[in-house]
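Quick notes on the structure that follows.
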Amino acid sequence: MAPAAASPPEVVRAAQKDDYYRGGLRSAAGGALHSLAGAKKWLEWRREIELVSDVAYFGLTTLAGYQTLGEEYVSIVQVDPTQGRVPSRLRRGVLVALHTVLPYLLDKALLHLEHELQADGDGAWPSQGSLAPGARGQSGARRWVRRCTAALTEQQQGTLLRAVLVLRQGLGCLQRLHVAWFYIHGAFYHLAKRFTGITYLRVRHPLAEDPRACASYRLLGLVSLLHLALAAGLQLYGFRQRQRAQREWRPQRGLSHRRSYAEERAVSRTSLCTLCLEERRWSVPSAGRSSSPRSWSTCGTTADPTEGGTQESFLMSGGSLFSRLTS
């Protein structure tokens, strides 16, 4: 009897088991780096540690021609589009690269491009003290992206920034759409396997399939499509609201910056007392009691003698001392 194709529940259980072991490997690698280099280095290299862990897991199993732990758990094997042979080494290498390396590179490139465009739109470069390793130095790719974005006009930068934001959200929606399509048709669970044409076959005696399980998976797929449509609508509405708020806030932000600068200039011209942080004003001592025509007072209501004013109040300590001296 020819081997039968793996059912959707088996494929899902295998993927969940692989995710479990990948999570354990990531946690162990991250814990080792945290113990050796500290929390700061772990935060900086967290994404790279996850990438290396995933590549190591699939490199030791899929790329080497063995079953993954999840595939061994449910007794299924990978086959090429002919449904009769194990995928070639090249096809397996492309599968591992699409499944692990490509998502990391896309997310990294889009994130850096978004930061550069936002920095150009704000008129200042963002702080490079982020947790990304690329923030410690400017690579050739980062400099090339900076030169390209600096050559664009403000309108082109805004359009490209919106496209980057939509693309980042669209990648997640595409993954969820593909999973919902798998629930309905049961062909490919991952996008990388659809691109390479790799499917699964059972290696054990096929069990009798429950028709209710297939029906429940189709229902789950329809519910997932409905949820995805609602989430996409909410994200689109929120994106438009943020764009409108940014357009309305930009002139007010420039006005507030100018106003705060003017206030700082006005405060800097006024001498403040170092004790009470109030404005320094001239105090007038009693006639004949001091050879100095005027002296500083750190608080209280005073007046300049050149303007014909009189003293209204002293510091409590200064007033009591002066009264004892004149009694």
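Overview of values
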{"quantity": "Inter-site label distance for residue 41 and residue 220 at 7 Å from Cα along Cβ, in nm", "calculated": "4.2 nm"}
{"quantity": "In sequence order, calculated HN-Hα J values of the stretch 9-20 (Karplus, 6.51, -1.76, 1.60; Hz; x Gly/Pro)", "calculated": "x, 5, 5, 5, 5, 5, 5, 5, 5, 5, 4, 5"}
{"quantity": "Compactness of the stretch 1-113, expressed as Rg and Dmax over alpha-carbon positions, Å", "calculated": "16.5, 57"}
{"quantity": "Span per principal axis, largest first, for the Cα atoms of the stretch 1-59 (Å)", "calculated": "56, 19, 14"}
{"quantity": "Of the trypsin sites (Lys or Arg not before Pro) in the stretch 85-117, those whose Cβ has at most 16 other Cβ within 10 Å and which sit in DSSP loop", "calculated": "85"}
{"quantity": "Inter-label distance for residue 75 and residue 176, nm, one decimal - labels placed 7 Å from Cα along Cα-to-Cβ", "calculated": "3.7 nm"}
{"quantity": "Table column - 3J(HN,Hα) (Hz), the stretch 113-119, Karplus curve with 6.51, -1.76, 1.60, x for Gly and Pro", "calculated": "5, 5, 5, 5, 5, 5, 5"}
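Only the coordinates and a few stated rules stand behind these numbers; no lab work does. What you see is a predicted model; the values in this text were computed from it and never measured. So basically every Cβ, Gly included, is an ideal-geometry build from the backbone, and we count neighbours across all protein chains shown.
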